[in-house]
Amino acid sequence: MSTSPTSDPEKKVEVFDEDDAVLAQLGYTQELKRSFGLVGMVGFSFSIVTSWTALSGVLIIGVETGGPPVMIWGWLAVCLFTLSVAYSMAEMCSAYPLAGGQYSWVAILAPTSWARGFSYICGWFMLIGVLAMGATNNFIATNFVLGTAQLNYGFTIERWHTVLIAYLVTFIAMGSNIFFPHILNKLSKAILAWNMLSFVVCLATILATNDHKQSPEFVFGDFQNFTGWKSSYAVVLGLLQSAYGMCCYDAPAHMTEEIKNARKQAPRAIVMAVYMGFITGFIWLIALSFCIGDLDATATTATGVPVIEIIFNSTGSVAGASTLSSMISVICLVASNSLMAEGSRSVYAFARDQGLPFSDVLSKVSTRRVPVYAVLLTGVVQIAFNSIYFGTVTGFNTIVAIATQGFYLSYAMPLLARIIAHFSGKKTRLEGTYSLGRYGIVLNIIGFLFLAFMCIISNFPSATPVDSENMNYTSAATGLIMLLSAIFWLTAGRHKFTGPESGHLLESVAS
């Protein structure tokens with residue numbers, strides 16, 4: 001697995017020209033500003049992946065479905081399989097650096113007879129994944145803010161508190177993306193430094209202050225199950241925490257039209273973000289497991305955030321726990337901004353290909369070179385997802401499952417298209433500079449099987465007995481998405497949806 005530059009890095013004008021040439025040969029005009037370099041894009045991607053804080057936000061799932069052993073060993077397994085997906089996506093991103101990401105790759109690689117339809121469905125799942133993930137992160141940021149406040153003031157957190165503050169987080173992210181797009185690259189670099197600093201400070205503090213740590217036997221082998229289901233079923237459910245914690249690493253693919261030397265740097269950012277998330281998440285989970293107190297008390301903490309309870313249990317200080325929780329809150333709030341950017345670029349790209357109603361409006365770019373209407377739609381959909389929590393106590397878990405399934409289905413489709421293209425002879429080698437060589441097809445197959453498995457289990461109910469209050473509505477949401485995409489495809493999509501030009505046009509650029 002290697003990369004090789006396509007041009008002299010000192011010749012920046014040539015790099016820009018090549019980026020624009022690739023875009024033009026795929027049938028598009030450069031409209032967005034290329035401001036990101038490698039460091040900025042790694043910071044942007046890791047601000048979204050940021051596995052250690054993402055795992056903190058959904059720790060309740062792991063605590064209830066297997067406890068520390070499932071969290072730790074499940075994380076290890078999920079990350080190893082995820083690398084096969086990340087490398088596969090990095091290779092496709094290098095070959096076809098388009099903001100459409102997954103659905104664009106499907107359009108190029110799938111059999112010609114059904115490439116457009118398959119690409120269209122992939123685009124819908126991609127959008128639902130990134131938009132639901134933005135809503136999920138808004139919940140997580142809100143939970144940390146409210147949890148920290150509850151720790152200090154002792155009030156009862158109501159569902160409407162959570163939803164309204166999630167709305168506020170969404171509005172802030174929308175405003176930042178529309179009015180301050182020029183700070184996104186600098187903000188991404190700054191949050192990368194803040195993220196790593198916060199990780200080290202939080203890790204060192206809880207390990208140093210906790211004088212009643214759990215035993216290694218508890219951390220690595222003591223199975224816990226609060227779901228009411230059998231142990232084997234609970235283990236499978238516990239993998240959803242890891243699946244959520246290692247998601248969204250496709251972010252650089254959707255920002256390729258804003259990256260300098262995109263064919264080289266975007267794939268690197270994808271893979272680097274996964275490795276950083278893998279390592280920080282693994283270390284953080286082990287530390288949390290050693291420092292966790294009573295599992296029942298942690299799962300039912302009045303703060304609503306088990307990690308805040310673990311930090312408080314370790315430090316014994318409200319001020320100390322509030323400080324560390326606030327550091328994590330900053331990361332989650334910036335992640336909301338980054339997910340708003342990723343989501344809006346995905347909407348913009350799909351609308352540019354006439355994949356959505358009112359595509360001509362949604363694909364417009366402002367004088368600030370921002371797809372404003374796409375940002376607004378992204379925010380509105382996130383608000384709609386956050387509103388689910390008004391109606392069901394398992395609204396958060398449902399949105400997590402919807403986001404994870406949407407992403408994983410959109411990841412699986414290009415891998416399937418790549419596998420078919422390889423064995424049918426349509427594309428045995430991709431044209432990008434980031435090549436997996438003979439290992440590519442093996443990683444494609446492993447990644448696809450892993451994604452298919454995770455998509456299946458994300459539909460399982462998380463509690464028993466199952467009723468309307470705790471039901472997992474992911475399958476219903478998936479069916480609704482497929483129904484909507486089918487309706488739009490039959491009424492407009494099959495006549496208007498375009499997609500990128502054939503990938504063979506890149507041969508001359510890659511040589």
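Filter region 251-294 down to the residues that are open to solvent by 30 Å² or more (accessible area, probe 1.4 Å) and hydroxyl-bearing (Ser, Thr, Tyr) and list them by number.
Within region 251-294, just TYR275 meets the criteria.
Restricting the first residue to region 139-159 and requiring it to be of a type in the set (Lys, Arg), which pairs with a second residue that is in a helix (DSSP H, G or I) and open to solvent by 40 Å² or more (accessible area, probe 1.4 Å) meet a Cβ separation below 6 Å and a spacing of at least six or different chains?
Here the result reads ARG159/TYR389, each pair linking region 139-159 to a residue that is in a helix (DSSP H, G or I) and open to solvent by 40 Å² or more (accessible area, probe 1.4 Å).
So which pairs qualify, if the first residue must be in region 208-230 and under 19 Å from ILE60 (Cα atoms) and of a type in the set (Phe, Trp, Tyr), the second must be assigned to a helix (DSSP H, G or I) and open to solvent by 60 Å² or more (accessible area, probe 1.4 Å), the Cβ gap must be under 9 Å, and the two must be at least 6 apart or on different chains?
Filtered contacts from region 208-230: PHE220/TRP73; PHE223/SER231; PHE226/GLU64; PHE226/ASP296.
Return the pair list, or none, for Cβ contacts closer than 6 Å from residues in region 66-89 that are farther than 15 Å from MET454 by Cα to residues that are among the polar types (S, T, N, Q), at least 6 apart or on different chains.
Close Cβ pairs (under 6 Å, with a partner that is among the polar types (S, T, N, Q)) amount to GLY67/GLN224; PRO68/SER289; SER88/ASN444.
Within the set of pairs 6+ apart or on separate chains, which have a first residue in region 186-197 that is under 18 Å from TRP52 (Cβ atoms), a second that is open to solvent by 30 Å² or more (accessible area, probe 1.4 Å) and assigned to a helix (DSSP H, G or I), and C-beta atoms under 7 Å apart?
Partner pairs satisfying both residue conditions: TRP194/VAL330.
Considering region 437-469 alone, what residues qualify as being over 24 Å from PHE125 (Cβ atoms) and in a loop (DSSP other than H, G, I, E, B)? Walk me through how you get there before you give the answer.
Residues of region 437-469 over 24 Å from PHE125 (Cβ atoms): 437-439, 442, 463-469.
Once the filter is applied, which keeps residues that are over 24 Å from PHE125 (Cβ atoms) and in a loop (DSSP other than H, G, I, E, B), region 437-469 yields ALA463, THR464, PRO465, VAL466, ASP467, SER468, GLU469.
Pairs, please: C-beta under 9 Å, at least 6 apart or cross-chain, first residue open to solvent by 60 Å² or more (accessible area, probe 1.4 Å) and in region 482-501, second of a type in the set (A, V, I, L, M)?
MET482/ILE121; PHE488/LEU356; THR498/ALA107; GLU501/LEU26; GLU501/ILE108
Let's see how each residue does on (1) buried (at least 24 other Cβ atoms within 10 Å of the Cβ); (2) within 24 Å of ASN137 (Cα to Cα); (3) touching a Lys or Arg at 6+ places or on another chain (Cβ under 6 Å):
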site: ALA54; (1), (2), (3): yes, yes, no
site: ILE61; (1), (2), (3): yes, yes, no
site: PRO68; (1), (2), (3): yes, yes, no
site: PHE81; (1), (2), (3): no, yes, no
site: VAL85; (1), (2), (3): yes, yes, no
site: MET89; (1), (2), (3): yes, yes, no
site: MET92; (1), (2), (3): yes, no, no
site: TYR96; (1), (2), (3): yes, no, no
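Go through the residues of region 333-350 one by one and say whether even a single one is more than 30 Å from GLN30 (Cβ to Cβ) and either touching a Cys at 6+ places or on another chain (Cβ under 8 Å) or buried (at least 19 other Cβ atoms within 10 Å of the Cβ) (or both).
yes
The values are calculated or read from the model by the stated rules, or taken from the named source; none is laboratory data. Not measured: the values here are computed from a predicted model. Quick reminder, even Gly has a Cβ in these numbers, built from the backbone with ideal geometry, and neighbours come from all protein chains shown. With ligands, DNA and RNA removed, areas are computed over all heavy atoms of the protein, side chains included. Shrake-Rupley method; radii C 1.70, N 1.55, O 1.52, S 1.80 Å.
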